[in-house]
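Some notes on the structure that comes next.
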Amino acid sequence: MSQTLQAVRGMNDVLPDEAEIWETFEELVRDWLQRYGYRPLRTPVVEPTALFSRAIGEVTDIVEKEMYSFADALNGEKLTLRPEGTASCVRAAIQHKLVEGAGPQRLWYQGPMFRHERPQRGRYRQFHQIGVEALGFAGPDIDAEHIIMTAALWDDLGLEDVRLELNSLGAGEERAQHRAALVTYLEAHQDKLDEDSQRRLHANPLRILDSKNPALQDIVEAAPKLADYLGAESRAHFDGVQVLLKDAGIPYRINHRLVRGLDYYNRTVFEWVTDRLGAQGTVCGGGRYDGLVEQLGGKSLPAAGFAMGVERLLALWRESVGEMAPGELEIYVVHQGAAAQRLAFQVAEALRRDSLSVVVHCGGGSFKAQMKKADGSGALLALVIGEDEAAANEVGIKPLRLEGAQQQRVSLAALAETIENILYNDDDNDEGAGHGGV
Ligand code: ATP
Ligand code: MG
């Protein structure tokens with residue numbers, strides 16, 4: 001026997017019980033995005049490698065060591081499985097002149113992202129993000145909108161214990177001054193820096209600020225703060241965000257060490273963090289990236305966005321809502337004999353046209369065996385079609401899990417209405433009225 005194949009390490013199958021929860025979640029999310037006027041954008045999973053090295057920055061974890069990059073076997077083109085969604089959105093907007101054509105854009109995307117990280121709870125090599133990008137907006141209002149809308153989603157989901165961390169990275173010249181001060185400061189403590197930080201000292205010193213190494217905490221805590229280098233405009237922008245957050249009643253903590261992993265951010269950055277998921281506690285992160293569009297070859301265009309990690313959010317969601325009911329099947333049709341089978345197929349199609357979910361038993365077997373399958377399917381009703389029923393153009397209805405509902409035999413003409421009554425109109429049977437979900 002040949003060896004069985006397994007999924008690639010760090011890449012997960014989402015089996016039906018779990019996938020139904022994903023779908024319920026995705027519906028909620030789509031609703032929420034529509035309420036805020038965001039429109040969907042779908043981009044390819046594979047992009048030119050240069051897109052990410054230019055957008056994200058050469059000296060970042062992602063570009064240095066996490067990208068799935070390869071040369072196209074046919075033409076040698078350098079390609080990468082996208083590690084995040086912002087670069088692709090911006091590329092697409094530039095390529096299709098979205099903003100020039102229609103003005104500022106509120107966009108969202110979802111899908112798998114790929115990063116070659118060490119797999120662990122909440123950290124995978126294929127994971128999923130839902131992200132929002134607002135292109136062509138310069139003010140603090142859109143930054144606040146993003147934070148307020150994420151808070152509203154946590155509300156919709158009933159999530160507790162997610163807290164907001166906020167910082168401002170300032171603008172170009174301010175960052176350059178802070179960077180110079182930071183490098184001078186860190187050079188003075190060079191002997192105490194770990195290997196990673198030594199390497200980043202000149203390439204990407206800001207990232208040393210969010211080092212998790214306990215040995216570095218004192219040094220990092222006392223390092224020059226970006227906040228002290230912000231000019232009047234950046235400060236006013238940051239204040240503008242905070243006013244709207246306060247109006248919305250959203251508490252936050254300013255975290256001077258919040259710098260985010262990607263180079264493209266400026267001014268407002270934020271993360272939503274929970275303690276409930278162990279070390280991988282960031283469920284959503286984002287901020288402003290005014291330089292990125294130009295950096296990728298477009299006209300200078302202010303922009304801001306955020307992305308949330310679906311796996312982490314779902315883990316948190318499950319914690320807050322507990323057990324979730326699996327998707328509900330309404331009808332399972334059992335049948336015996338050739339004429340009955342043909343009738344079963346016709347009846348099932350008719351009911352599906354009425355939006356009912358219907359499984360027709362396939363694979364034969366005794367009535368008893370088929371009824372066992374019907375029971376196990378979770379369906380609310382079984383329809384029974386034997387030779388007698390087929391000859392009379394009738395169908396037996398057998399409630400499987402609806403208290404008080406009677407077994408009966410009805411004509412084809414009366415079938416749809418009778419089912420409708422049993423499932424949805426009968427006050428005694430409220431329980432049967434749900435369509436899956438939580
Ligand atoms: P982290 O600090 O956890 O590595 P990040 O800063 O690299 O996160 P972003 O690039 O900001 O993450 O991506 C946004 C969100 O996507 C994260 O907040 C997280 O919820 C999720 N995420 C990022 N990387 C992974 C991963 N490898 N597996 C699962 N979810 C992830
Ligand atoms: Mg990361």
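The values are calculated or read from the model by the stated rules, or taken from the named source; none is laboratory data. Values in this document were obtained by computation on a predicted structure and should not be read as measured data. Counting neighbours? That spans all protein chains shown, and the Cβs are built from the backbone with ideal geometry, glycine included. Just so you know, the surface numbers come from the protein's heavy atoms only, side chains and all, with ligands and any DNA or RNA stripped out. Shrake-Rupley method; radii C 1.70, N 1.55, O 1.52, S 1.80 Å.
Can you bin segment 219-280 into rounded, prolate or oblate? Criterion: square roots of the alpha carbon gyration tensor eigenvalues sorted a ≥ b ≥ c, rounded for a/c under 1.5, prolate for a/b above b/c, oblate for the rest. Before the final figure, lay out the partial values.
Details: a/c = 1.83, a/b = 1.12, b/c = 1.63.
Taking the square roots of the gyration eigenvalues as a ≥ b ≥ c, segment 219-280 is oblate.
Quick one: putting +1 on the C-beta of Lys and Arg, -1 on the C-beta of Asp and Glu, what dipole do you get for the chain around its Cα centre, in Debye to the nearest 20?
Details: 46 positive and 66 negative charges, 300 e Å.
So the magnitude is around 1440 debye.
Could you identify which residue out of ALA414, ALA315, ALA344 has the top mean-square fluctuation in a GNM of the chain using Cα springs shorter than 10 Å?
ALA414
Quick one: pull the percent of accessible area on segment 331-433 belonging to carbon and sulfur, 1.4 Å probe, ligands and nucleic acids left out. Spell out each step's value before the answer.
Working: 2560 of 5630 Å².
Looking at segment 331-433 in its full context, I get 45 percent from C and S.
What do you get for chymotrypsin sites (Phe, Trp or Tyr not before Pro) in segment 158-246 restricted to DSSP loop and a cutoff of at most 16 other Cβ within 10 Å of the site's Cβ? If you can, show how the numbers build up before the last one.
Values: sites: TYR185, TYR229, PHE238; in loops: none.
Loop-located and lightly packed - none at all.
Using alpha carbons only, how many angstrom separate the centre of segment 12-70 from the centre of segment 159-220?
One Cα centre to the other: 27 Å.
With a 1.4 Å probe and all protein chains left in place, how much accessible area per residue does segment 1-116 have, in Å²? Show your work: numbers first, answer last.
Details: 6820 Å² over 116 residues.
Heavy-atom SASA per residue in segment 1-116 reads 59 Å².
Listed here are the pairs LYS65/LYS97; LYS65/LYS212; LYS373/LYS398; LYS78/LYS212; which of them are more than 25 Å apart at the Cα?
Numbers: LYS65/LYS97 32 Å; LYS65/LYS212 18 Å; LYS373/LYS398 14 Å; LYS78/LYS212 33 Å.
As for pairs spanning more than 25 Å Cα to Cα, those are LYS65/LYS97; LYS78/LYS212.
Can you pull out the trypsin sites (Lys or Arg not before Pro) in segment 71-134 that DSSP calls coil and that have at most 16 other Cβ atoms within 10 Å? Please report the intermediate quantities before stating the final value.
Details: sites: LYS78, ARG91, LYS97, ARG106, ARG115, ARG121, ARG123, ARG125; in loops: LYS97, ARG115, ARG121, ARG125.
Loop-located and lightly packed - LYS97, ARG121.
Would you mind telling me which residue in GLY285, GLY111, GLY322 has the biggest mean-square fluctuation in a Gaussian network model of the chain, where springs connect alpha carbons within a distance under 10 angstrom?
Result for the chain, Cα springs under 10 Å: GLY322 fluctuates most.
Accessible area of segment 1-138 with a 1.4 Å probe: how many percent of it is carbon plus sulfur? Please report the intermediate quantities before stating the final value.
Values: 3970 of 7680 Å².
The computed percentage sits at 52.
Apply the Karplus parameterisation 6.51 cos²θ - 1.76 cosθ + 1.60, with θ equal to phi minus 60°, to every residue of segment 25-38 and state each ³J(HN,Hα) to the nearest whole Hz, in sequence, with x for glycine and proline.
Computed from phi, the couplings for segment 25-38 are 4, 5, 5, 4, 5, 4, 4, 4, 5, 5, 4, 9, x, 8 Hz.
Once Rh for the chain is found with the Kirkwood sum over Cα pairs, what is the Stokes-Einstein diffusion coefficient at 4 °C and 1.567 mPa s, in µm²/s?
Numbers: Rh = 25.4 Å.
The estimated diffusion coefficient comes to 51 µm²/s.
Using amide H atoms built 1.01 Å from N in the peptide plane, name the residues 5+ places from HIS128, or on other chains, whose amide H lies under 5 Å from its own.
Long-range HN contacts for HIS128: MET113, VAL310, GLU311.
Using each residue's phi in segment 342-357, evaluate 6.51 cos²θ - 1.76 cosθ + 1.60 at θ = phi - 60° and report the 3J(HN,Hα) Karplus result to the nearest Hz, with x for Gly and Pro.
These are the phi-based 3J(HN,Hα) values: 5, 5, 4, 4, 5, 4, 4, 4, 4, 5, 5, 5, 8, 6, 8, 8 Hz.
Between segment 362-406 and segment 248-283, what is the C-alpha centre distance in whole Å?
54
Any idea of the accessible area per residue across segment 331-433, 1.4 Å probe, to the nearest Å²? Show your work: numbers first, answer last.
Working: 5630 Å² over 103 residues.
I get 55 Å² per residue for segment 331-433.
Treating segment 90-136 as a set of equal point scatterers at the Cα positions, no solvent, please give the Debye-formula log₁₀ I(q)/I(0) at q = 0.13, 0.22 Å⁻¹.
So the normalised log intensities are -0.44, -0.77.
For segment 1-88, what's the radius of gyration and Dmax over Cα atoms, in angstrom?
Rg, Dmax (Cα atoms, Å): 17.5, 55.
Considering only PRO214, PRO399, PRO112, give the residue with the highest GNM mean-square fluctuation for the chain, with springs between Cα atoms whenever their separation is below 10 Å.
PRO214
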